[in-house]
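Working notes for the structure below.
The values are calculated or read from the model by the stated rules, or taken from the named source; none is laboratory data. Predicted model only: the values in this text are computed from it and were never measured. Note that we place each Cβ from the backbone using ideal geometry, even for glycine, and neighbour counts take in every protein chain shown. Accessible surface is based on the protein model in full, side chains and every heavy atom, while ligands, DNA and RNA are left aside. Shrake-Rupley method; radii C 1.70, N 1.55, O 1.52, S 1.80 Å.
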Amino acid sequence: MDYRKISTEILECIGGEDNVSHFEHCSTRLRFTLKDVNKVKVGELKQVKGVLGVVMGVQCQVIIGNNVVEVYDEILKIASFDTKNSSEETNKDQKLGERIMDFVIGVFQPLVPAIAGAGVLKSIISLLVLLGVLNNTSVAYTVFNNIGDAALYFIPLLVANSASKKLKCNQMVAIAAVGTLLLPNITTLLATEGGVKLFGLTLKNIAYAYQIFPALLTIFLLAFVEKFFNKITPKPIRIFFVPMMCYIIVLPCTLLFLGPLGYNIGTLLTTLILTIYAKVGFIGIGLFAMLLPLCVATGMHKAFLPYAISTYSEVGKEFIYMPASLAHNIAESGACFAVAIKSKDTETRSTAVSAGISALFGITEPALYGLTLQNKKILGSVMIGAGISGLFLGLFSVEAFVVVGPGLASMSMFINPDNSMNFMYAVIGFVIAFVISFIASIILYKEETATNAKQEQTSKVQENNDVIEEDVTLESPLTGEMINIEDVNDGVFAGKILGDGIAIIPSEGVLKSPGNGKVSMIADTKHSIGLTLDNGTEVLMHVGLDTVKLDGKYYNVKVSNGQTVKTGDNLIEFNINKIKSEGYELTTPVIVINGDKYSIANSKTGPVKAGEILFDAIKMEA
C-alpha cells in the first residue's frame, strides 16, 4: 500500500487539513472531527484504494483495517492540523447528542491501548501462576503484576490527559490537578478516623485511584476556570497566575463536591448495569452479541466504552460487553473462513482469509466492510453464530478481566484465578461462535457468478418494461443560461467525477423532466433528483451548489420516488430569490451518471428555454 498516496487522497476528500479540528485513530479507523462535514466527498472517499469503508456520523470515520497506524502516521507527516478554537468552530449545527458522543469517543478511545496492554499482561501473569510457572509470592510476580495494575490505578491521570485535549485546556495543569487526588498524603488525610473538614465542610473518604468520573468532572471545571482567567489575566503573569488560580479553585471544589459526585456516578452506573444484567441475564448478552455487527458498522459500539472502563475499574471485571464482543468477533472469523472455502473467486478468497485472520484476533472491520455488510446471508450467519455464542457465555456468566477486543491472542483475559471454569466456558463460547457461523455461511452463502449476475441484470431490464438502450435527445429542464460543466464552481461537477453533462443558471424556479422515464432518486433535502430514462440513460439534476445545507427549505418536490414521468413534467419547484438571499449559487448541473454506457454530444452554451434541445446522450459501443 502506498501510504503517502492514500493519505493525500483522504485529506483531499475530507475537505483538506484546514477542515479538521480533531484527529485520532482506533484499531482500524481514522477518526476525523470536522469543522464542516458538508465538505466531505463521501463517494470519492469510498473509492480511495485502501479505504474499506466510510461512516459519517458524530465523526468522519475512515475504515482502513490493519494498516491504520501507518496511514495515520503518514497523514501526520503531510498535514498540520490547526485545532485552535475548534471547539467553537466544529460542527456548529451538530446536535447535542452528537456532541456528547464525539466527546465520549474523544476521551475514552485513547485510553484503550494503555488499559488493554496492562490488562493482557496481568492475565498472562495469572495464567503463568495457574500453570505453576510463576509463584505469586515471588519478586517477579510482584513487579509485573504491579506493572499491569498501573494503568488502572492511574486511570484518573489518563482521563485528565485525554479530556484536557478534548476540552482544549492545559494538559500538564490538568494532570497535576487530578494527580492531587492520588497523593498518598491526601489519601491518608481523607481516611482520618472521624473525618476532616475543609472550610467547615466534611471531606468524603474516597479512594480516587481507579476512578474515571471524578477526574472527568475535575477537568470540566478546570477548562472553564482556565478559560475565564486567561481572558482577564495580564499576559506577563499568565504563565503562573492562571494555573495557580486553577489549583486554588478547582481542587477544593473537587474534594468537596465534584469528587464525591463523580464517585457516585460511577457507582450508580455499575449498579444500573448489574440490575439490568440481573433482570435480563444471558438473553441480553445473546441479543447484544447479535446486534454488534450493526453497532460496529456505525461506530456506536464506542458508546459502551465508558461503561466497560468504569465497571472494570470499579469491580475489576466486565461481564456484558467483552463476552458479547468475543461472540461477535469470532463469528465474523468463522463466516470469513467459510466464504474463503466456498468462493471460487481468487480476490474474494484472498479478502476472506485476510479478514478472517484479523477477526480471529479481535479486529472485525476488515470482515465487516469487506464481506459481511455486502452480503445479507453472511451478515445473517454472523448474527446467528454471535447470538448463540452470546447466549452460552451469558448463561454461564463468563467474566472478562481486561478491556480489549477479545480474540485468539487475548483469550487469557478470561482467566479467573478463583474460577478456572470461567476460561473454559470462554473457550467453548469461542468454538461455538466460530463453528455455528462457519456452518451457517457454508449453507447460506452463494457466490454470485457471472451467469447469475447476467440473469439478474436481464430480469431487471425486463421488469423495467424491456428497456432498449439507444441514443436519446434530452430537453432542457430549465429556462436560463447554459454553461460548460467545466465552468461550474464545484470541483466534483467541474471535474466530471460524477459524469459529463451541462449546467444551467436558471431564471425560472421550475425544474422539468428532460425526457420520458422514472424517478430513481429524490434527495431528502429536495435539492437534487435522479431519473432513469426509458432508453436507460441515468440523469442527475442538482439544483444549486451546496444547497444541501438548506435542508429542503425553498424547495417543493412535485413527484415521488419510482413515479413515471414524461418530458416536460414538473419535478421540483424552487424559490430563486430566497435561495439567492441565503448566499447560494443556483447553477444546476445536469449530468449523465452512467457514462460507461452513454457519451454527451451536441451540447452548447448560451440562453435556453425549458423544452429546447439540451444535448444528445449517445449509446457507446460495447
Count - residues of segment 592-614 that are closer than 15 Å to residue 514 by Cα, touching a Lys or Arg at 6+ places or on another chain (Cβ under 8 Å) and part of a strand (DSSP E or B): 0
Qualifying residue in segment 178-187 (condition: under 35 Å from the mean Cα position of the chain (by Cα) and within 24 Å of residue 317 (Cα to Cα)): yes
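In segment 206-216, is there at least one residue being assigned to a helix (DSSP H, G or I) and either out of contact with any helix residue (DSSP H, G or I) (no Cβ under 7 Å at 6 or more places or on another chain) or of a type in the set (Val, Ile, Thr) (or both)?
Scanning segment 206-216 turns up no residue that is assigned to a helix (DSSP H, G or I) and either out of contact with any helix residue (DSSP H, G or I) (no Cβ under 7 Å at 6 or more places or on another chain) or of a type in the set (Val, Ile, Thr) (or both).
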Report yes if some residue within segment 77-98 is modelled with pLDDT of 70 or more and in a helix (DSSP H, G or I); otherwise report no. yes
For strands (runs of 3 or more DSSP E) lying entirely in segment 21-64, having 2 or more residues that are at pLDDT 80 or above and touching a strand residue (DSSP E or B) at 6+ places or on another chain (Cβ under 9 Å) picks out 29-34, 60-63
Does residue 350 satisfy the condition of being out of contact with any Lys or Arg (no Cβ under 8 Å at 6 or more places or on another chain), over 17 Å from residue 65 (Cα atoms) and of a type outside the set (D, E, K, R)? no
Scanning for something out of contact with any strand residue (DSSP E or B) (no Cβ under 8 Å at 6 or more places or on another chain), modelled with pLDDT under 85 and under 22 Å from residue 549 (Cα atoms), does segment 516-533 turn up at least one residue? yes
Within segment 1-20, count every residue that is in contact (Cβ under 8 Å) with a residue 40 or more places away in the chain, hydrophobic (A, V, I, L, M, F, W, C) and part of a helix (DSSP H, G or I). 3
Return yes when residue 197 is more than 30 Å from the chain's Cα centre (by Cα), of a type in the set (D, E, K, R) and over 14 Å from residue 110 (Cβ atoms) and no when it is not. yes
Quick check on residue 4: is it modelled with pLDDT of 80 or more, of a type in the set (Lys, Arg) and open to solvent by 50 Å² or more (accessible area, probe 1.4 Å)? yes
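If you take the residues of segment 436-450 that are surrounded by 19 or more Cβ atoms within 10 Å (Cβ to Cβ) and at pLDDT 90 or above, which of them is farthest from residue 352 (Cα to Cα)?
436
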Please specify each residue of segment 536-567 satisfying the condition of being touching a strand residue (DSSP E or B) at 6+ places or on another chain (Cβ under 7 Å) and open to solvent by less than 10 Å² (accessible area, probe 1.4 Å). 537, 539, 541, 543, 544, 565
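What number of residues within segment 146-160 are in a helix (DSSP H, G or I), open to solvent by 10 Å² or more (accessible area, probe 1.4 Å) and touching a Leu at 6+ places or on another chain (Cβ under 9 Å)?
Adding up the residues that qualify gives 5.
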So residue 507 ticks every box in (1) among the hydroxyl-bearing types (Ser, Thr, Tyr); (2) over 17 Å from residue 477 (Cβ atoms); (3) open to solvent by 60 Å² or more (accessible area, probe 1.4 Å) but one. Which box is left unticked? (2)
Going through segment 554-584 in order, the residues found to be free of Cβ contacts under 8 Å to residues at least 24 places away in the same chain and within 17 Å of residue 524 (Cβ to Cβ) are 558
If you check residue 179 against the conditions, is it assigned to a loop (DSSP other than H, G, I, E, B) and either open to solvent by less than 50 Å² (accessible area, probe 1.4 Å) or more than 24 Å from residue 112 (Cβ to Cβ) (or both)? no
Every residue from segment 366-408 that is touching a Lys or Arg at 6+ places or on another chain (Cβ under 8 Å), open to solvent by 10 Å² or more (accessible area, probe 1.4 Å) and closer than 30 Å to residue 152 by Cβ: 399, 401
For segment 360-372, pairs from a residue that is at pLDDT 75 or above to a residue that is among the β-branched types (Val, Ile, Thr) and not in a helix (DSSP H, G or I), with Cβ under 6 Å and 6 or more apart or across chains, are 363/28
